[in-house]
Amino acid sequence: MSTIEGLPREVFPSGKERRDLLAANEEKIVELRKLGEKGFRFKESDKEYLHYGWLDSPLDGTGNGSFLKTFRDVLPSGAGSMRKYIEQTLRERKGDAIGIEFGGIGSRAFEGFTENFFKKSIGVTLVDHDKGVSDFYAYRTKEDSGRNHNIIEGDIFSEDTYAALETELRGQQADFIIERMAKGLEAVPREPYFIGKFISIWYRLLRENGVLFAQVPVALNPLLHPWIDKIRADYSGVLEVASAEGRGDIGGDTASAFRLRKLPGAPKELPLLDPRAVRAISRG
Ligand SMILES: C[S@@+](CC[C@H](N)C(=O)[O-])C[C@H]1O[C@@H](n2cnc3c(N)ncnc32)[C@H](O)[C@@H]1O
């Protein structure tokens, strides 16, 4: 790997560097929450900016912000629509399905499914950016409750958030989980064990035959391929995976992405790379 004054530099931080990275990330999340409470808008002299361009994106469509745009390359070939693929995959759960978006309010995403396909859906977001900023909030909340879509405000990296989610799920698992934070990946530490821990939590929340879509920082690319290869080699027939490597560190369709289906006989815990393999890759 690259060297600094002749010393090998690890791809991922360890020891104090790792602790500092995670602490700095927590601070970043505090700042983001403050910004979100203002609707993710901020002013610089006389100009007003929107911190995130995508805040409640549609499931399908040709627009830049659609979830389809991000996950098209991880859908099975020929599947040109997130709705069609997910509804077909979960057809036996029609009317009973449960869905979760991590890192977004999920209102428009779940609106994109056939009415009543999902019995319940949940958006888990740092802040509900619509709250208190427009009359639209009252309208949207009414639409959400008509579809039994609830929003949990919380940090997806905090245990409290998962406690609130458990209360909401009342012991049930989810059939469909999606995370597409796009620029929100700015507050995801580039640290494989940390990211692996949360993907493992999502995997545990996923019901058998369920499907998980996730976007991850491209910094994880050196591990993404070996991980996908391991799952394909060791869990063929019980886990189905597809991945697409991104090109840019943060962004809608520039980050990396994967799809994972939990089939009958799938392991209880998400198989991750052996720590020795992670260390070896990390050393380059
Ligand atoms: C660019 S927006 C994307 C929103 C939505 N997923 C979409 O694609 O339209 C980034 C989102 O990430 C959420 N976010 C960022 N960090 C988060 C965290 N630690 N926990 C929960 N949500 C987070 C923000 O609240 C925001 O909704």
* Pairs of Cα atoms under 8 Å, at least six residues apart: use those to get the relative contact order of the chain, whole percent. => 18
* To do: With a 1.4 Å probe and every protein chain kept in, tell me what percent of the accessible surface of the range 15-282 is carbon plus sulfur.
  => 49
* Lys and Arg at +1, Asp and Glu at -1: add these up for the other residues within a Cβ distance under 13 Å of ALA277 and post the number. => +1
* Asked: Which ³J(HN,Hα) values, rounded to whole Hz and listed in residue order, are derived for the range 170-180 from phi using the Karplus coefficients 6.51, -1.76 and 1.60 in 6.51 cos²θ - 1.76 cosθ + 1.60 with θ = phi - 60°, glycine and proline given as x?
  -> 6, x, 8, 9, 9, 8, 9, 10, 9, 9, 9
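Among residues other than GLU143 whose Cβ falls under 11 Å from its Cβ, what is the net charge (Lys/Arg +1, Asp/Glu -1)? Write out the running numbers ahead of the final one.
Values: positive: ARG108, ARG140, LYS142, ARG147; negative: GLU111, ASP144.
With Lys, Arg at +1 and Asp, Glu at -1, the neighbours total +2.
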* Cα convex hull of the range 168-284 - mean projected area over all directions, nm² -> 7.4
* **Bridge type composition, the chain - antiparallel percent by DSSP, nearest 5** => 45
* Asked: Taking the Cβ of PHE42 as the center, what net charge do the other residues with Cβ under 12 Å away carry, scoring Lys and Arg +1 and Asp and Glu -1?
  -> +1
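The values are calculated or read from the model by the stated rules, or taken from the named source; none is laboratory data. Since the model is a prediction, treat every value here as computed from it, not as a measurement. Positions of Cβ are generated from backbone atoms using ideal geometry, with glycine treated the same way; all protein chains shown enter the neighbour counts. Ligands, DNA and RNA are stripped out before the accessible areas are found, and what is left, the full protein with its side chains, is counted by its heavy atoms. Shrake-Rupley method; radii C 1.70, N 1.55, O 1.52, S 1.80 Å.
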